[in-house]
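The values are calculated or read from the model by the stated rules, or taken from the named source; none is laboratory data. Values in this document were obtained by computation on a predicted structure and should not be read as measured data. As a convention, Cβ positions derive from the backbone with ideal geometry for all residues, glycine included, and neighbour counts pool all protein chains shown. Note: accessible area is taken over every heavy atom of the protein model, side chains too, but ligands, DNA and RNA are not part of it. Shrake-Rupley method; radii C 1.70, N 1.55, O 1.52, S 1.80 Å.
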Amino acid sequence: MFITLNGDPFELDSPLSVADLLTKLAIDPRRVAVEHNLSILRRHLYADTLVNDGDRIEIVNFVGGGSS
Amino acid sequence: MSPWPVWGAGAAHNAMKDTPFVIAGRTFRSRLIVGSGKYSSFPVMAQAHAASGADMVTVAVRRVNISDRSRESLLDYIDTEKMFILPNTAGCYTADDAIRTARLGREAGLSNWVKLEVIGDERTLFPDNEALIEATRVLVKEGFVVLPYTNDDPIACRKLEDAGAAAVMPLGAPIGSGLGIQNVNNMRIIREFARVPLIVDAGVGTASDAALAMELGADGVLMNTAIAGAQDAVAMAEAMKHAVIAGRLAWAAGRIPRKMYASASSPVEGMVGR
């Protein structure tokens with residue numbers, strides 16, 4: 001199955017939770033925000049939210065920046 | 001009467017005892033707000049932040065690099081015990097994008113504050129005020145503390161205030177231009193109008209620009225490139241710290257009026273040979 005991860009196609013073997021996806025990607029969940037099909041996903045829901053075929057996932061973090 | 005009004009409504013009985021810098025009920029020790037972009041390295045940024053004395057830093061919200069997870073994280077170099085993180089919506093060109101980015105920043109961060117930017121044009125990076133006001137209204141309703149980056153227009157600032165902005169942040173000059181405050185008179189009018197903190201955001205090039213912003217009565221100054229782009233960012237950060245303190249104190253002290261002609265500061269009586 002394929003999902004769209006940060007704008008790019010990304011292959012997964014089977015549906016998995018957002019928490020497991022972050023683990024798989026070696027991303028510390030405390031430092032990111034996740035959008036699941038255009039809605040913000042609250043952190044406490046990562047473990048119980050399943051990523052399915054065709055889903056759109058955005059994972060963002062803070063980077064250096066001042067203005068635009 | 002002098003055509004120049006006396007600057008420094010501060011003109012207080014006790015200028016040395018300044019009022020604290022409070023935004024939306026939160027008190028900051030420093031009136032200097034710094035950025036986190038364009039530094040030559042994260043360690044230099046951390047040193048510059050320390051030298052600046054700032055206790056608020058703005059950061060951008062971007063996609064995590066999925067393919068390269070080796071890169072260091074910005075937050076490894078910001079002491080969040082000492083620094084309040086202000087996520088921004090830099091790079092957003094529509095109200096919808098800015099609102100979406102603000103929500104992501106809130107989720108990634110520790111607060112509901114946002115430095116709101118809705119850019120209207122790539123070359124000037126001037127704000128799209130219409131979209132900015134709209135986004136402010138939406139985010140305030142969602143409980144955000146909104147600090148909008150706006151142009152140096154007193155009416156735009158007033159509309160943002162009416163929309164619930166916690167501060168107004170007019171530009172001194174285009175972002176990253178280092179030109180200093182281009183429209184001093186507008187800034188003074190904004191100072192007179194504003195009932196929320198006034199923070200000059202963008203355009204500062206060197207210490208005197210920051211001092212001028214404070215002498216005009218700004219409550220704070222936000223800058224990134226002026227420090228990060230200086231040949232010695234750490235030294236410039238310290239210079240900015242002093243400039244902001246000096247400018248604030250000068251404003252509070254109440255400057256002398258400008259005059260056309262000289263007025264001697266020594267007594268005219270008792271001169272030898274007269």
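So the values come out like this:
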item: Output for segment B:54-92, where each listed residue is of a type outside the set (A, V, I, L, M), closer than 29 Å to B:R123 by Cα and open to solvent by less than 20 Å² (accessible area, probe 1.4 Å); result: B:T58, B:P87, B:N88, B:T89, B:C92
item: Cβ pairs under 7 Å, 6+ apart, first in segment B:198-226 and within 14 Å of another protein chain (Cβ to nearest Cβ), second open to solvent by 20 Å² or more (accessible area, probe 1.4 Å) and part of a helix (DSSP H, G or I); result: B:A226/B:M236
item: Those residues of segment A:15-24 which are in contact with an Asp or Glu (Cβ under 9 Å, 6 or more places away or on another chain) and away from chain B (no Cβ under 12 Å), in sequence order; result: A:P15, A:S17, A:V18, A:A19
item: Leading residue by the ranking (farthest from the other protein chains (Cβ to nearest Cβ)) among those in segment B:28-68 that are of a type in the set (V, I, T) and under 23 Å from B:V204 (Cβ atoms); result: B:V44
item: Segment B:74-92, subset more than 10 Å from every other protein chain (Cβ to nearest Cβ) and under 17 Å from B:F144 (Cα atoms), residue nearest to the chain's Cα centre (by Cα); result: B:L86
item: Complete set of residues in segment B:93-117 that are assigned to a loop (DSSP other than H, G, I, E, B), open to solvent by 10 Å² or more (accessible area, probe 1.4 Å) and either more than 9 Å from chain A (Cβ to nearest Cβ) or within 20 Å of B:R137 (Cβ to Cβ) (or both); result: B:Y93, B:T94, B:L110, B:S111, B:N112
item: Lone qualifier among A:I40, A:I27, A:I57 - being in contact (Cβ under 8 Å) with a residue 12 or more places away in the chain and facing chain B (nearest Cβ under 8 Å); result: A:I27
item: Filter result for B:R71 (of a type outside the set (A, V, I, L, M, F, W, C) and either more than 10 Å from chain A (Cβ to nearest Cβ) or assigned to a loop (DSSP other than H, G, I, E, B) (or both)); result: yes
item: Any hit, segment B:34-52, residues being surrounded by 24 or more Cβ atoms within 10 Å (Cβ to Cβ) and part of a strand (DSSP E or B); result: yes
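Per-residue answers, yes or no, for (1) crowded, with 18+ Cβ neighbours inside 10 Å; (2) under 21 Å from B:I133 (Cβ atoms); (3) touching a strand residue (DSSP E or B) at 6+ places or on another chain (Cβ under 6 Å):
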{"position": "B:A165", "(1), (2), (3)": "yes, yes, yes"}
{"position": "B:M169", "(1), (2), (3)": "yes, yes, yes"}
{"position": "B:P197", "(1), (2), (3)": "yes, yes, yes"}
{"position": "B:A210", "(1), (2), (3)": "yes, no, yes"}
{"position": "B:G220", "(1), (2), (3)": "yes, no, yes"}
{"position": "B:M223", "(1), (2), (3)": "yes, no, no"}
{"position": "B:L249", "(1), (2), (3)": "no, no, no"}
